[in-house]
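In what follows, a structure is listed as structure tokens, so that the remarks can point back to it.
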Amino acid sequence: MPGSTPFDFDRHIDRYGTYCTQWDYVADRFGHADLLPFTISDMDFETAPCIRECLARRLEHGVFGYSRWSHDDFKGAVTGWFARRHGTRLDPERLIYGPSVIYIIAQLVSLWSAPGEGVLVHTPAYDAFGNMLGANDRVLLPSPLIKGEGSYHIDWDGFERQAARPDCRILLLCSPHNPTGRVWRRDELVRMATICRRHGVRVISDDIHMDVSFTPYLPWSEVVQDEGWALVSSGSKSFNIPALGGAYGYIPERASRDAYLHRLKAAHGLSSPPILGVLAHMNAYREGDAWLDALKAYLHGNLTLVAARLNAAFPAIDYRVPEGTYLAWIDLRGLGIDSAERMDALQTLLVEKYRVAIMRGDTYGPEGKGFIRLNVGCPRHKLEQGLDALIGALGEWLSIETPAHL
């Protein structure tokens, strides 16, 4: 919280002019360049001092030749982090590297399925999943999550029907889940694993949000007994370092691991990683605990503020703080914003009059209709501005539309 740690998450950092996707290129999606953005999931905070200091030392060295990731320092940092933070033992020899989480997932999807076959995904879903699957000629098989009692749960009958399809080859799991913020419990993970094993479905678990969990996060490795799976992650979300590049995966099956590495090195020529990304991960996972703990407390405070302000202004929203991620998934259907046309009208107000950019929920599939996704990875004063704008726009929309059921 403000003033309680040596890390200043309240400090404003001007990101304009840094080729920043969220700030400099907001017009690409919203049509205007001068908007206050709460969009793409990176944060407006400086990364941990331990990362900045190690990068400064490396820059001072001045030579940036070809580098490697497959060494004890990198692998030990990753396995040490999982052991220390999540109580999970991983064999370092089963780790692989990739330029991004989506790249690794795309290669595994290609290795474990054929064109035209299906990949099971809990929906609403991170939009890059659908884009990647479509570009690789795979079919997204939706398993819509059910919202109830302020949270989401799995439709187990529907999930198993999709898993049992003869064309279903892979479960692409998002753990914790983006955009809903669910952190899957052990019983849920075990049940998914049992169903997938029964129907011969492999599992790719995207755990990129694992370190921003407010309830206990459990890696997929803790609930399976076979080798037909992979866990993929990165420090990019939790330590705000996506521009440095780098991700890693844990692939227990030797043949799949070798096939992936053949693609990485031979087919795609990516054998030498960006050294700054490798160093950033090593130092984050060795020395970043205190910073991350302070960040999580601050983010939870931001999400609590969203709940307090929105629910006070509009009780029908009934927003609940999620179990994980720094993404507020806000259901506006209780206000009557339950169609694309009504969301269009709200977005016009937000952008044209209130000058803020907030992601509309149907970006993440039809199950997101009537929702918005607000990135709270920012100083609290920026979030307050965004909430002022959102509450103002919602109030104005209600005064114009006055839905009959309200």
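Before moving on, here are some points about what is shown:
- Residue within region 210-222 that is of a type in the set (Asp, Glu) and at pLDDT 95 or above present: yes
- Against the conditions (1) among the small types (Gly, Ala, Ser); (2) in contact with a strand residue (DSSP E or B) (Cβ under 7 Å, 6 or more places away or on another chain); (3) farther than 24 Å from Met43 by Cβ, Gly392 satisfies every one except (2).
- Only one of Leu120, Leu141, Leu111 that is open to solvent by 40 Å² or more (accessible area, probe 1.4 Å), at pLDDT 95 or above and within 24 Å of Gly200 (Cβ to Cβ): Leu111
- Inside region 139-189, residues that are touching a residue at least 12 places away in the same chain (Cβ under 8 Å) and of a type in the set (Asp, Glu) make up a count of 4.
- The set of residues in region 295-334 that are open to solvent by less than 10 Å² (accessible area, probe 1.4 Å) and part of a helix (DSSP H, G or I) comprises Leu295, Tyr298, Leu299, Asn302, Leu303, Val306, Leu310, Ile317.
- Which listed residue is closer than 30 Å to Asp388 by Cα and either free of Cβ contacts under 8 Å to residues at least 12 places away in the same chain or more than 21 Å from the chain's Cα centre (by Cα) (or both), from His32, His71, His61: His32
- Sole residue being of a type in the set (Val, Ile, Thr), farther than 16 Å from Glu367 by Cβ and touching a helix residue (DSSP H, G or I) at 6+ places or on another chain (Cβ under 8 Å), chosen from Ile154, Ile170: Ile170
- Listed by first and then second residue, the pairs with beta-carbon distance under 7 Å, at least 6 apart or on different chains, first residue in region 336-359 and at positive phi and of a type outside the set (Asp, Glu), second modelled with pLDDT under 95 and assigned to a helix (DSSP H, G or I), are Gly336/Glu401.
- Taking region 35-50 as the range and being at pLDDT 95 or above and either under 21 Å from the mean Cα position of the chain (by Cα) or open to solvent by 20 Å² or more (accessible area, probe 1.4 Å) (or both) as the test, the residues that pass are Leu36, Pro37, Phe38, Thr39, Asp42, Met43, Asp44, Phe45, Glu46, Thr47, Ala48, Pro49.
- Region 237-274, subset among the charged types (D, E, K, R) and in a helix (DSSP H, G or I), residue most open to solvent (accessible area, probe 1.4 Å): Arg254
- Checked against (1) farther than 29 Å from Leu295 by Cα; (2) not in a helix (DSSP H, G or I), Glu341 passes all but a single condition, namely (2).
- The residues on offer are Lys382, Lys353, and the sole one that is touching a helix residue (DSSP H, G or I) at 6+ places or on another chain (Cβ under 8 Å), at pLDDT 95 or above and surrounded by fewer than 22 Cβ atoms within 10 Å (Cβ to Cβ) is Lys353.
- Which numbered condition His381 fails, given (1) touching a strand residue (DSSP E or B) at 6+ places or on another chain (Cβ under 7 Å); (2) part of a helix (DSSP H, G or I); (3) not hydroxyl-bearing (Ser, Thr, Tyr): (1)
- Cross-chain or 6+ apart pairs with Cβ under 7 Å, region 79-105 first and within 12 Å of Ser221 (Cβ to Cβ) and among the polar types (S, T, N, Q), then in a helix (DSSP H, G or I) and open to solvent by 40 Å² or more (accessible area, probe 1.4 Å): Thr79/Pro92; Thr88/Glu222
- Taking the criterion of being open to solvent by less than 40 Å² (accessible area, probe 1.4 Å) and of a type outside the set (Phe, Trp, Tyr), the residues of region 6-26 that qualify are Cys20, Gln22, Val26.
- Among the numbered conditions (1) touching a Gly at 6+ places or on another chain (Cβ under 8 Å); (2) open to solvent by 40 Å² or more (accessible area, probe 1.4 Å), the only one that Glu227 does not meet is (1).
- Region 190-215: number of residues that are β-branched (Val, Ile, Thr) and in contact (Cβ under 8 Å) with a residue 60 or more places away in the chain: 5
- Total residues in region 147-171, condition open to solvent by 70 Å² or more (accessible area, probe 1.4 Å) and within 20 Å of the chain's Cα centre (by Cα): 2
- Within region 218-235, tally of residues that are in contact with a strand residue (DSSP E or B) (Cβ under 7 Å, 6 or more places away or on another chain) and in contact (Cβ under 8 Å) with a residue 40 or more places away in the chain: 7
The values are calculated or read from the model by the stated rules, or taken from the named source; none is laboratory data. Just so it is clear, the structure is predicted and the values come from calculations on it, not from any experiment. Neighbour counts are summed over all protein chains in view; Cβ atoms, including those assigned to glycine, are modelled from backbone coordinates with ideal geometry. Side chains included, ligands, DNA and RNA excluded: accessible areas come from the protein's heavy atoms. Shrake-Rupley method; radii C 1.70, N 1.55, O 1.52, S 1.80 Å.
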